[in-house]
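Heads up, the thing below is written out as structure tokens.
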């Protein structure tokens, strides 16, 4: 796949998300110039992708009704997707795993015969054994609660386990970002006005409640 095709796919994916992107944002994300982004946006529009400029937000977006048909997936793209959910789903601690698996199965059921047979034969010859990871029975619940709190900029109240002190503490957290590192999920945020951004491990969260209290994310925060 050429760099330009990868860039085009990234633009489509970004513009179909809930976040708004200005040209400078896309250029920064892609590591390219504004001129290149403008050219790509023009090519997308001429190619039938309904992307448009919103003068109110000064950002670009794609008509939410637009989607790339499943039939456009290449054999490698399809195998990569099915490999993740058929073979690695039990070794990668992903939230909403069952929902993602159902989505993958829906895609698989709509594949053309040749691609479907190829992927089936290939998957039979592949086994994945991942590293052991800490299981979190409430991963989906915690993930969804924190995701909603981040999008709505709501403060959450957390009871957090401190293994060294052998106790738990309760505090309010302004969640900024969800982060996966070293086989663990974390939420990045601030727990106090004077404290900096910290990472809190999901597996240490004993209780979590989303409050009605809103917060303003600091502009200088950068993952």
*Would you call residue 220 more than 16 Å from residue 152 (Cα to Cα), out of contact with any helix residue (DSSP H, G or I) (no Cβ under 7 Å at 6 or more places or on another chain) and either outside the structural domain of residue 169 (by TED's automatic domain parsing) or in a strand (DSSP E or B) (or both)?*
yes
*So which of 187, 169, 156 ends up being out of contact with any helix residue (DSSP H, G or I) (no Cβ under 6 Å at 6 or more places or on another chain) and modelled with pLDDT of 90 or more?*
169
*Find the residue count for region 147-176, including only residues that are under 26 Å from the mean Cα position of the chain (by Cα), surrounded by fewer than 19 Cβ atoms within 10 Å (Cβ to Cβ) and not in a strand (DSSP E or B).*
5
_Unmet criterion (only one of (1) surrounded by 12 or more Cβ atoms within 10 Å (Cβ to Cβ); (2) assigned to a helix (DSSP H, G or I)) for residue 179_ = (2)
*How about region 190-206: which of its residues are surrounded by 14 or more Cβ atoms within 10 Å (Cβ to Cβ) and assigned to a strand (DSSP E or B)?*
190, 200, 201, 205
*Those residues that are at pLDDT below 85 and under 22 Å from the mean Cα position of the chain (by Cα), I need them from region 190-223; list them, please.*
217, 218, 219, 220, 221, 222, 223
*For region 1-24, what are the residues that are part of a helix (DSSP H, G or I) and at pLDDT 90 or above?*
23, 24
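The values are calculated or read from the model by the stated rules, or taken from the named source; none is laboratory data. Since the model is a prediction, treat every value here as computed from it, not as a measurement. Please note: Cβ atoms are built from the backbone with ideal geometry, for glycine as well, and neighbour counts cover all protein chains shown.
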